[in-house]
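**Q** This is the structure, below, for whatever I ask next.
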Amino acid sequence: MDAAQRTVEAVVCPGPEGPLEGLWSDPGKGLAPAVICHPHPAHGGSMHSKVVHTVYKVLHAAGHPTLRFNFRGVGQSAGSYSGWDGEVEDVAAAAAFARERTGAGPLWLAGFSFGSWVGSIWALRDGKVERFIGLGMPVSTNIDGRTFDYLDRPPAPMLIVQGSRDQYGSKEGILALAERLRAKGPVEVRFVEGADHFFTGHLTQLADALRDGLGAL
């Protein structure tokens, strides 16, 4: 077990449908807290995703308190999958928990796949997100009738990290999204060459891309 893992605390966040299970870690550096949203609950997504864990490790090492949490109906979180919209309120509950824990208003938000969709919707509404990280954004696939057309501006200075072989979000689709959003704010894009949607076998390169992209914002 590494030093970061030894600081992890199991927590319960009050949620709109009941308690949300989470993992909290605070390295004590006084930086903005970061909330990390996991992939699709109906397809095995949870806060234990390897991509979510990689994001946590990078942000923890940089000094940010982090909250990983399970959406409603996942693991020990109360409720059941809503079909996307209810999960946006779960993000709000997780953010409220992180803010209460730290006393901070501004925060960072990261979302992988489904998490990038619900996370960015909430971040647009909140207006106090300092950084937004979208990973494996499914821009080329209409999942459950959902698209990213609602994004008319970056939710915050934004980093997109995508596998170059992501089957749900093509390079062309990501570059088109980034170009559209750059008219309203900063957007950095990093591709992990050879990686699929889940960054299988490329988690080290994913961590490198996160550090590089965040350093450029």
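**Q** Please give the calculated 222 nm ellipticity per residue for the chain, where each DSSP H segment of at least 4 residues contributes -39500 (n - 2.57) and the sum is spread over every residue; nearest 500 deg cm²/dmol?
**A** After summing the helix terms and dividing by the residues of the chain, the value is -10500 deg cm²/dmol.
**Q** Something else about it: Defining a contact as two alpha carbons under 8 Å apart and six or more residues distant in sequence, what relative contact order in percent does the chain show?
**A** For the chain, the relative contact order is 17 percent.
**Q** Quick one: Debye curve from the alpha-carbon atoms of the chain only, equal weights, vacuum; give me log10 I(q)/I(0) at q = 0.13, 0.18, 0.19 Å⁻¹ to two decimals.
**A** Computed log10 I(q)/I(0) values: -0.65, -1.36, -1.53.
**Q** Taking a cut-off of 23 Å between Cα atoms, list the lysines near Lys29, but don't count ones fewer than 8 places away on the same chain.
**A** Partners within reach: Lys57, Lys128.
**Q** Something else about it: Less than 15 Å Cβ to Cβ from Gly163, Lys/Arg counted +1 and Asp/Glu -1: what total charge do the surrounding residues give?
**A** Summing Lys and Arg as +1 and Asp and Glu as -1 gives -1.
Computed from the coordinates by the stated procedures, all read-outs in this text should not be read as laboratory data. This one's a predicted model, so the numbers in the text were calculated from it and none came from an experiment. Ideal geometry is used to build each Cβ from the backbone, glycine not excepted, and the neighbour counts take in all protein chains shown.
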